Every structure is written in C-alpha cells, then in structure tokens.
C-alpha cells in the first residue's frame, strides 16, 4: 500500500470529523448564548435639582393594577396626568396589595410624599431606587379612589432646596417644512 493512497482515503473521514467538531462547538456556543441570562441595564440615575417647591410636572409615576378591576391603572394614570404628573408606565403587576401601595426611593422622599397626597390612606414603602420614580400599585380593595374632591395641594415644599429626580426626555421639536407657493395658469 502506498502512503499517498492511505492519506487520500483517510482525508475525507478526517475532514468530516473536523467539520462535525466545528458544528458541535458552534451549536454549543449558540445554545449558551440563547440560554444566557440577559442583565437589565441599570436604572438611570437621578439629576439633583435646585428647587424650593416640587410640583407634579417634575415627578414621574408608574401606575400598576394588581387587582382584577379592569382599566383601573389607566383611569388613575389619566387623572394623575391631568393633574400634571409625568406618566412612565401603566400596566398590570403581580403583587399582594390590598388597597394602595406607593413605592419610591424612601418613605420620606419629597416625590413620594407629593404623590401620596393624591390618595386616601396609602401604604408607603421605600426601596432605595436611584431613579426617584414613584410606583403606584392598586389592589382589589381600592374603593377610596383618588382624593380629587379634597383638592390636594399640588406643591411640596423642599427642605434644603435640593431634590433628586429622574431626567425627563425633552420632546424633539422638528419643524414642518412650509410648502412652496404654486402658481396656476389661467
């Protein structure tokens, strides 16, 4: 037997084994990439602002329905938006909430205190969030609704004159081009 003939006959199976190995390695890498846990980006940090009064126009709220009353989060979000609050997210949430739960950076944060004024006897929790948004979670026993009739004071005095709030995106202003005048013949 000639050495060249042996090499020629063995080259096809060797090539197939190498290609199968590359295919298996690629499949394993692809599977690990598909099943890898995706880390959420860190929340945006707040921007420290100098202000003596906090108004709804500077507070971002997210409203969640944790009960079975359809449309409750949307109704409350509409009322808060009409009062001037910035509405971030409106949706459903799996939570064990009886009436109203307001969650923010801390229970004594100015933005949390301002939002809590709009509700009757809310439960308030702080979770140390850095973006200073305020979550409102509404449960099935939400029968006190928003205390609009009490006309809450929409201004919160800021002791020390500094507050940290999420940076709100500024709406882009794009000019609509003015059409050129056209002349028509008579």
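Is it fair to say residue 10 is in contact with a helix residue (DSSP H, G or I) (Cβ under 6 Å, 6 or more places away or on another chain), surrounded by 10 or more Cβ atoms within 10 Å (Cβ to Cβ) and at pLDDT below 90? So residue 10 fails the test. Of the residues 91, 74, the single one that is part of a strand (DSSP E or B) and over 16 Å from residue 119 (Cβ atoms) is 91.
Residues that are touching a strand residue (DSSP E or B) at 6+ places or on another chain (Cβ under 7 Å), at pLDDT below 80, part of a loop (DSSP other than H, G, I, E, B) and surrounded by 14 or more Cβ atoms within 10 Å (Cβ to Cβ) within region 100-155 comprise 142, 147, listed in sequence order.
Only residues that are part of a strand (DSSP E or B) and either touching a helix residue (DSSP H, G or I) at 6+ places or on another chain (Cβ under 7 Å) or free of Cβ contacts under 8 Å to residues at least 60 places away in the same chain (or both) were counted across region 44-71, and they come to 6. Identify, please: which residue in region 85-100 is in contact (Cβ under 8 Å) with a residue 40 or more places away in the chain and under 21 Å from residue 155 (Cα atoms) and is, among those, farthest from the chain's Cα centre (by Cα)? Per the criteria, the residue is 86.
A residue that is modelled with pLDDT of 85 or more and over 17 Å from residue 111 (Cα atoms) can be found somewhere in region 47-65.
The values are calculated or read from the model by the stated rules, or taken from the named source; none is laboratory data. Treat the numbers as computed from the prediction; the structure is a model and nothing was measured. Positions of Cβ are backbone-derived with ideal geometry, glycine not excepted, and every protein chain shown enters the neighbour counts.
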